[in-house]
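**Student:** What follows is a structure written as C-alpha cells; I'll ask about it next.
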Amino acid sequence: MPGISLIDLDLSNNKLDGKCLTMLCDTMKIHYTLMHLNLANNLIKNKGLENLSKYLCSKKCKLTELSLHGNRIDGQGVSYLSKFLPVNETLTLLDIGKNEFNDHSFTEFAVLLA
C-alpha cells in the first residue's frame, strides 16, 4: 500500500501469537517506516521471537523501540536476542520485562550485553 508511513504501532494486550507476528514481520519488510512497536502482553513466546529476530537482523528494520514485555519468552529466547542485538544498528530501547527468564538465561543475556 503506497503512501503508508506509520511510525508508531501499539499492539499490546491482543493475544497475538508467533503466527501473527510472522505476518506482521512480512508486512514490515515492505512498509519499513515503523520505528516504535509495542507488543507487550501478547502470546509471542520463543517461536514469535525467533521470527521477529530475523526481521530485526534485516537492514530494512528501522525500529528504535520495541516492547516484548510480558510475552512468556523463556531462556531459549535469549538465543534469539543474541542473533539480532549484535547486528541491529537502530534499536535503542528493548523492553523484555515480565517474561520467564531464569538465572541462567539472565546470565547469558548479561554476557551478550558485555
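**Student:** Among the residues of the range 43-61, is there at least one that is in contact (Cβ under 8 Å) with a residue 24 or more places away in the chain, under 22 Å from L113 (Cβ atoms) and assigned to a strand (DSSP E or B)?
**Tutor:** no
**Student:** Would you be able to tell me the number of residues in the range 62-84 that are aliphatic (A, V, I, L, M) and not in a loop (DSSP other than H, G, I, E, B)?
**Tutor:** So in the range 62-84, the residues aliphatic (A, V, I, L, M) come out as 63, 66, 68, 73, 78, 81.
Restricting the remaining residues to those that are not in a loop (DSSP other than H, G, I, E, B) gives 66, 78, 81.
Total meeting the criteria: 3.
**Student:** Can you name the residue in the range 72-110 that is of a type in the set (V, I, T) and in contact (Cβ under 8 Å) with a residue 12 or more places away in the chain and, of all such residues, is farthest from N13 (Cα to Cα)? Talk me through it step by step, then tell me what you get.
**Tutor:** As a first pass, look at the range 72-110 and keep what is of a type in the set (V, I, T): 73, 78, 87, 90, 92, 96, 107.
Keeping just the survivors that are in contact (Cβ under 8 Å) with a residue 12 or more places away in the chain gives 73, 78, 87, 90, 92, 96.
Details: I73: 15, V78: 22, V87: 29, T90: 25, T92: 23, I96: 15 Å.
Once the filter is applied, the top-ranked residue is V87.
**Student:** Let me ask another. Look at M28 and say whether it is of a type outside the set (S, T, Y), modelled with pLDDT under 90 and surrounded by 14 or more Cβ atoms within 10 Å (Cβ to Cβ). Spell out the reasoning first.
**Tutor:** On the way: of a type outside the set (S, T, Y): yes; modelled with pLDDT under 90: yes; surrounded by 14 or more Cβ atoms within 10 Å (Cβ to Cβ): yes.
Yes: the conditions hold for M28.
**Student:** Looking for whichever is within 25 Å of F106 (Cβ to Cβ) and modelled with pLDDT of 95 or more here; the options are N14, N42, N51. Which one fits? First the steps, then the outcome.
**Tutor:** Details: N14 fails: within 25 Å of F106 (Cβ to Cβ); N51 fails: modelled with pLDDT of 95 or more.
Checking each option against the conditions leaves just N42.
**Student:** List the number of the failed condition for E89; all other conditions in (1) of a type in the set (D, E); (2) in a loop (DSSP other than H, G, I, E, B); (3) more than 17 Å from L113 (Cβ to Cβ) hold.
**Tutor:** So the condition that E89 fails would be (3).
**Student:** Still on this structure, I have one more. I'm told M23 meets every condition in (1) more than 28 Å from V111 (Cβ to Cβ); (2) surrounded by 14 or more Cβ atoms within 10 Å (Cβ to Cβ) except one. Can you identify the failing condition by its number?
**Tutor:** Failing condition for M23: (2).
The values are calculated or read from the model by the stated rules, or taken from the named source; none is laboratory data. Since the structure is predicted, the reported quantities are computational estimates derived from the model, not experimental observations. Ideal geometry is used to build each Cβ from the backbone, glycine not excepted, and the neighbour counts take in all protein chains shown.
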